[in-house]
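See below for the structure under consideration.
The values are calculated or read from the model by the stated rules, or taken from the named source; none is laboratory data. Please read these numbers as outputs of a predicted model, since none were measured by experiment. Glycine gets a Cβ as well: all are built from the backbone with ideal geometry, and neighbour counts include every protein chain shown.
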Amino acid sequence: MNTEREITVLIIEDGNEYLENLSRFVRGYTYLQAHTGLEARQILASETVDVIYLDMRFDRIPIEDLIGDLEHATRIHNGDENRGLKYIQNNQGLYILADLKEHGFDSLPVIVAYDFSREPQRYEHLARRFPTLQWVPDAVTPAEIRERIEDTTSHIAR
């Protein structure tokens, strides 16, 4: 009996670029896609997912689909609602990550598409809060993405 299965990657992004590029250049995995945190939770509740590939910035989805407290973000940006919204959009990946953790999906490996090389302390803080978190820069090769997926799923029998 063959018990091998493909690794399933849930891509959470506000567009289709990661799905298109990973499907084309990083073959051999099953890809699912969500455009919002809510969609991600629905997929995670109904599908077997092995790793999450998460975009950081979400500026192409409706405001009402964003996770985050716009009032609070506006307050911390001196009452500037536009800056508050931009902050939530630019960090939506982290809001989604926190939301997934809050809903019990914190054991899955997560690869964030964001370059933390200039913000090592920020990444260290996030890695303490989300131990399964890894990152890849935007300028990453398909081989590097494959390596990261393989590293995060090496415990799964295939």
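A few comments on the model shown:
Here's the yes/no breakdown for (1) under 17 Å from Tyr18 (Cα atoms); (2) surrounded by fewer than 16 Cβ atoms within 10 Å (Cβ to Cβ); (3) in contact with an Asp or Glu (Cβ under 8 Å, 6 or more places away or on another chain):
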position: Leu66; (1), (2), (3): no, no, no
position: Gly79; (1), (2), (3): no, yes, no
position: Asn82; (1), (2), (3): no, yes, no
position: Tyr87; (1), (2), (3): no, no, no
position: Phe116; (1), (2), (3): no, no, no
position: Pro137; (1), (2), (3): yes, yes, yes
position: Ile145; (1), (2), (3): yes, no, no
position: Asp151; (1), (2), (3): no, yes, no
position: Ser154; (1), (2), (3): no, yes, no
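- Breaking point among (1) under 13 Å from the mean Cα position of the chain (by Cα); (2) in a loop (DSSP other than H, G, I, E, B); (3) modelled with pLDDT of 95 or more; (4) closer than 22 Å to Thr8 by Cα, for Gly104: (1)
- Across the stretch 31-62, the number of residues qualifying as in contact (Cβ under 8 Å) with a residue 40 or more places away in the chain, assigned to a helix (DSSP H, G or I) and of a type in the set (A, V, I, L, M, F, W, C) comes to 2.
- So Arg83, is it of a type in the set (D, E, K, R), in a loop (DSSP other than H, G, I, E, B), without any contact (Cβ under 8 Å) to a residue 24 or more places away in the chain and out of contact with any Phe, Trp or Tyr (no Cβ under 8 Å at 6 or more places or on another chain): no
- Checking Gly28 against (1) small (Gly, Ala, Ser); (2) assigned to a helix (DSSP H, G or I); (3) closer than 26 Å to Glu6 by Cβ; (4) over 15 Å from the mean Cα position of the chain (by Cα), the condition it does not meet: (2)
- All conditions but one from (1) within 19 Å of Arg60 (Cβ to Cβ); (2) crowded, with 17+ Cβ neighbours inside 10 Å; (3) within 14 Å of the chain's Cα centre (by Cα) apply to Pro109; the one that does not is (1).
Yes/no matrix, rows are residues, columns are (1) more than 17 Å from Glu39 (Cβ to Cβ); (2) out of contact with any helix residue (DSSP H, G or I) (no Cβ under 9 Å at 6 or more places or on another chain); (3) of a type in the set (D, E, K, R):
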site: Ile67; (1), (2), (3): no, no, no
site: Gly79; (1), (2), (3): yes, yes, no
site: Gly84; (1), (2), (3): yes, no, no
site: Leu97; (1), (2), (3): no, no, no
site: His103; (1), (2), (3): no, no, no
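- Filter pass, Tyr123 being free of Cβ contacts under 8 Å to residues at least 60 places away in the same chain, of a type outside the set (A, V, I, L, M) and within 21 Å of Asp14 (Cα to Cα): no
- Residues that are assigned to a helix (DSSP H, G or I) and out of contact with any strand residue (DSSP E or B) (no Cβ under 8 Å at 6 or more places or on another chain) within the stretch 117-150 comprise Pro120, Gln121, Arg122, Glu124, His125, Arg128, Arg129, Pro142, Ala143, Arg146, Glu147, Glu150, listed in sequence order.
To keep it simple, each residue is scored yes or no on (1) among the hydroxyl-bearing types (Ser, Thr, Tyr); (2) at pLDDT 95 or above; (3) within 24 Å of Asp138 (Cα to Cα).
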position	(1), (2), (3)
Arg27	no, yes, yes
Ala40	no, yes, yes
Val49	no, yes, yes
Asp55	no, yes, yes
Ile61	no, yes, yes
Glu64	no, yes, no
Tyr87	yes, yes, yes
Tyr95	yes, yes, yes
Ala98	no, yes, yes
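- Arg24 vs. criteria closer than 18 Å to Ile145 by Cβ and surrounded by fewer than 20 Cβ atoms within 10 Å (Cβ to Cβ): yes
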